[in-house]
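Asker: Following this message is one structure expressed as structure tokens.
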Amino acid sequence: MKKTLYLMRHGQTLFNKRRKIQGFCDSPLTEEGIAQAKTASKHFKNIKLDHLYSSTSERCCDTMEIVTDNRMPYIRLKGLKEMNFGTFEGESEDLNPKSSPQGYGEFFVSYGGESSDDVRNRMVKTCTEIMEKDGHESVLAVSHAGACFHFLRAWQDPSDELKKGFPNCCIFKYEYEDGIFKLLEVIR
């Protein structure tokens with residue numbers, strides 16, 4: 001049976017606005033981030049969601065609460081968190097490796113962070129466990145740009161989607177069947 005996962009990035013945060021590396025650390029949504037979440041909520045107005053999940057990060061929880069107008073409870077999962085950037089957390093984005101996120105590889109591991117493959121595997125495991133649960137036919141999960149990117153690269157070459165960007169509150173619509181996720185569309 002085919003199921004649907006909506007994997008969404010959180011709204012703009014203070015660190016996004018100030019171009020700070022934000023992985024396991026957190027910063028609040030900006031006014032623009034709140035407005036983005038309100039706009040994204042319109043997409044779900046006529047979609048019946050049966051379960052909601054969010055990264056444990058405040059920025060994702062706040063986005064979820066705005067998008068769903070708190071109409072049903074959600075579960076917070078550490079498995080949906082952003083990549084851990086180790087000692088780079090909270091620093092300028094200018095310090096990121098010059099390669100694309102695909103090229104991060106093991107770079108952050110020696111600084112106390114995660115590898116790209118660690119994030120991909122964590123996201124695949126978490127999202128698969130969510131979708132394998134009974135009664136999980138149409139699910140919204142709020143996560144992060146890097147986590148969404150690494151999840152996408154588990155299923156396809158992410159290059160074309162990366163060129164279009166992963167703006168705040170973008171929504172990745174996946175079909176799930178027999179342990180496989182297939183990207184249907186990205187709502188930007």
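Readers should treat all values here as calculations from the given coordinates under stated rules, not as data from a laboratory. Only a predicted model underlies this, so the values are computations on that prediction, with no experimental measurement involved. Note that we place each Cβ from the backbone using ideal geometry, even for glycine, and neighbour counts take in every protein chain shown.
Asker: Under a cut-off of 23 Å between alpha-carbon atoms, report the lysines in cross-link reach of Lys38, not counting same-chain residues fewer than 8 places apart.
Answerer: In chain and number order, the partners are Lys17, Lys48, Lys81, Lys164, Lys173.
Asker: Let me ask something else. For the range 136-188, what is one quarter of the convex hull surface built on the Cα atoms, given in nm²?
Answerer: 3.7
Asker: Give the cross-link partners of Lys20 among the aspartates and glutamates, using a straight C-alpha distance below 14 Å as the criterion and excluding same-chain residues fewer than 8 apart.
Answerer: Glu82, Glu89, Glu91, Glu93, Asp94
Asker: Considering only Thr56, Asn84, Ile66, whose Cα is most displaced toward the positive end of the charge dipole of the range 14-138, charges sitting on Cβ of Lys, Arg (+1) and Asp, Glu (-1)?
Answerer: Ile66
Asker: Oh, and also: Of the labelled options (1) 44, 43, 31; (2) 42, 37, 27; (3) 54, 39, 29, which one gives Cα extents along the principal axes in Å as computed for this structure?
Answerer: Answer label, from the structure shown: (2).
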